[in-house]
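For reference, the structure is listed below as structure tokens.
Nothing in this text is a laboratory measurement; each read-out follows from the coordinates by a stated rule. As the structure is a prediction and not an experimental result, all values here were calculated from the model. Here the Cβ is made from the backbone with ideal geometry for all residues, glycine too, and neighbour counts use every protein chain on show.
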Amino acid sequence: MKKIIIALICLTCLSTISNAQEKLPINVSKSSIKWIGEYTFYFGGHDGFIKIKEGHFIKSGDSITGGAFIIDMNSITNTDIKHEKGNKSLVDHLKNSDFFDVKKYPLAKVNITNVEYFDDESMRIKANLTLKGITKPIKFNAIPNYKNKSLTTKFKIDRRAWNVNYKSKMKDGAISDAIGFEVTLKL
């Protein structure tokens, strides 16, 4: 009887170890989020970067199965307007309450809920994005680079779903409801 109990304990311990999850912190100084906002009725728009405050992937076995990332909305920058006054004006506008309202909502969050792998080594990621206190599901494809310990993706969201409701007073200057993101995450 003792041998059976010991064997069951060992089997339970081995099962727990084999299902163990590893937390892999990302290198925030080497990771980036580029945002892209475009005009609705003509080519062009604005772009810039937002810093990741902290984040990690969850690894189970040899696969990424989850993760969580916190984005510092106060860090938003603009890279396409070279004139200092115009650049500052746009950044201040983006931080305002009709856009990201960073005084009230200084952080955004992404929580990966599911990862599906494909034969070509790309993956489909499902996650929850919290922006302006509103959490909605998003999904996007991503490409891991195991040699460089990185993951890249591009995706768009409908900003209205997160109450980012700015409307231009000029029809020809209207901005798209979509906000694009180009993300590189490195370990």
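Could you please rank L185, L129, placing first whichever residue has the fewest other Cβ atoms within 10 Å of its Cβ?
Numbers: L185 24, L129 20.
In order of increasing Cβ crowding within 10 Å: L129, L185.
In whole percent, what relative contact order does the chain give with Cα contacts below 8 Å and a gap of six or more residues?
Computed value for the chain: 22 percent relative contact order.
Helix-derived [θ] at 222 nm for the chain: sum -39500 (n - 2.57) over DSSP H runs of at least 4, divide by residue count, nearest 500? Display every interim value, and only then the final one.
Details: 2 runs with 29 residues, N = 187.
-5000 deg cm²/dmol, from helical runs alone.
Report the Rg/Rh value for the range 21-186, based on alpha-carbon coordinates and the Kirkwood definition of Rh. All intermediate terms of the calculation are to be shown ahead of the outcome.
Numbers: Rg = 16.6 Å, Rh = 16.8 Å.
Rg divided by Rh gives 0.99.
Which entries of K156/K186; K34/K103; K34/K132; K59/K154; K51/K85; K104/K156 have Cα-Cα distances beyond 26 Å here? Mind showing how you got there, number by number?
Details: K156/K186 21 Å; K34/K103 21 Å; K34/K132 18 Å; K59/K154 22 Å; K51/K85 22 Å; K104/K156 23 Å.
Exceeds cut-off: none, every pair is within range.
What is the extension gain from D92 to L24, computed as 0.36 nm multiplied by their sequence separation minus the C-alpha to C-alpha distance, in nm to one decimal?
Details: separation 68, 0.36 × 68 = 24.48 nm, distance 3.42 nm.
Going from the current span to full extension adds 21.1 nm.
First measure r as the distance between the Cβ atoms of S60 and F140, then evaluate 1/(1 + (r/R0)^6) with R0 = 30 Å and state the FRET efficiency to the nearest 0.05.
On the way: r = 21 Å, r/R0 = 0.69.
After rounding to 0.05, the efficiency reads 0.90.
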